[in-house]
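The values are calculated or read from the model by the stated rules, or taken from the named source; none is laboratory data. Only a predicted model underlies this, so the values are computations on that prediction, with no experimental measurement involved. Here the Cβ is made from the backbone with ideal geometry for all residues, glycine too, and neighbour counts use every protein chain on show.
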Amino acid sequence: MLCLEHQGIRNRRAMVLELNDDVDLYRSGDLCLDEFTGKTTSIARALERSLTLLPAFNEACDTARSFVTSATQPLYSRQFDGCRHYSISLLGIHPEFRIPVHDHPSTVSLFHVIEGRVQATHYDIVDQSGQNAFIQLASCSGKVLENGDAVVTMPDIENLHSLQALDRNAVCLTLQLYTRQEREPRSWYFPLASGQRSNTALWYRIQDKEICNGI
Ligand SMILES: [Fe+2]
């Protein structure tokens with residue numbers, strides 16, 4: 001008989017496979033957006049229920065709830081399950097830290113809000129200059145995610161998005177599913193300081209680096 005933790009791992013791996021199948025069906029046009037959103041939200045909520053059986057997960061939720069951002073640790077992140085194909089992490093996002101604009105090529109990312117509210121914004125690249133060192137972005141869609149909501153980011157290059165907790169700390173769960181063994185570096189886009197360029201509000205510089213697991 002399997003112990004509770006092994007049963008939990010097996011259940012979570014089944015959820016990862018289900019997400020993988022749903023992403024394939026959505027991308028091939030066999031699942032419409034509403035069905036895809038409903039199915040992925042159900043997976044995210046089941047994942048949360050599975051993890052709440054772990055005392056360490058509930059303690060980590062308390063830590064995420066009270067986390068205060070700092071220069072050395074802008075975000076709280078703790079991984080709870082993972083292998084070379086996927087990782088599952090809990091995040092604590094303080095409202096004073098905006099997760100910068102970024103993409104994650106070759107990674108499908110399921111982002112689920114357990115507590116709080118999160119502004120999720122997507123961007124289009126509208127101009128580039130300086131051998132692509134500077135990028136002008138325009139927000140193309142935005143959504144406020146609340147308790148129980150989930151969104152999936154597809155593994156395409158330049159699928160750009162940012163996240164901002166509203167009002168108070170947001171406690172979130174992410175499942176990142178790697179679609180290729182060789183993961184491509186993600187890109188981060190930071191707003192230019194004033195004076196670096198005219199009309200700086202919409203211009204960003206690109207920096208390739210990992211900031212944190214789980215986002
Ligand atoms: Fe992301």
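A few points about this structure:
- Only one of the numbered conditions (1) at pLDDT below 85; (2) surrounded by 17 or more Cβ atoms within 10 Å (Cβ to Cβ) is violated by Cys61, and that is (1).
- Segment 124-215 holds strands (runs of 3 or more DSSP E) entirely within its bounds, and those carrying 2 or more residues that are at pLDDT 80 or above map to 134-145, 150-153, 160-178.
- Screening Asp103, Asp156 for residues that are within 14 Å of the ligand (Cβ to nearest atom), under 22 Å from Leu19 (Cβ atoms) and surrounded by fewer than 18 Cβ atoms within 10 Å (Cβ to Cβ) leaves exactly one candidate, Asp156.
- For segment 118-150, filtered to residues that are among the acidic types (Asp, Glu) and closer than 30 Å to Ser50 by Cβ, the residue that is farthest from the ligand (Cβ to nearest atom) is Glu146.
Here is a yes/no grid of residues against (1) touching a residue at least 40 places away in the same chain (Cβ under 8 Å); (2) closer than 20 Å to Gln176 by Cβ:
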| residue | (1), (2) |
| --- | --- |
| Glu18 | no, yes |
| Gly38 | no, no |
| Leu54 | yes, yes |
| Glu59 | no, no |
| Pro74 | yes, yes |
| Asp81 | yes, yes |
| Leu90 | yes, yes |
| Ile93 | yes, yes |
| His104 | yes, yes |
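- Unmet criterion (only one of (1) part of a strand (DSSP E or B); (2) within 16 Å of the ligand (Cβ to nearest atom)) for Glu115: (2)
- Residues considered: Arg49, Arg84. Of these, the only one that is part of a loop (DSSP other than H, G, I, E, B), surrounded by fewer than 17 Cβ atoms within 10 Å (Cβ to Cβ) and not small (Gly, Ala, Ser) is Arg84.
- One residue from Glu48, Glu96 being at pLDDT 90 or above, more than 21 Å from Gly148 (Cβ to Cβ), among the charged types (D, E, K, R) and out of contact with any helix residue (DSSP H, G or I) (no Cβ under 8 Å at 6 or more places or on another chain): Glu96
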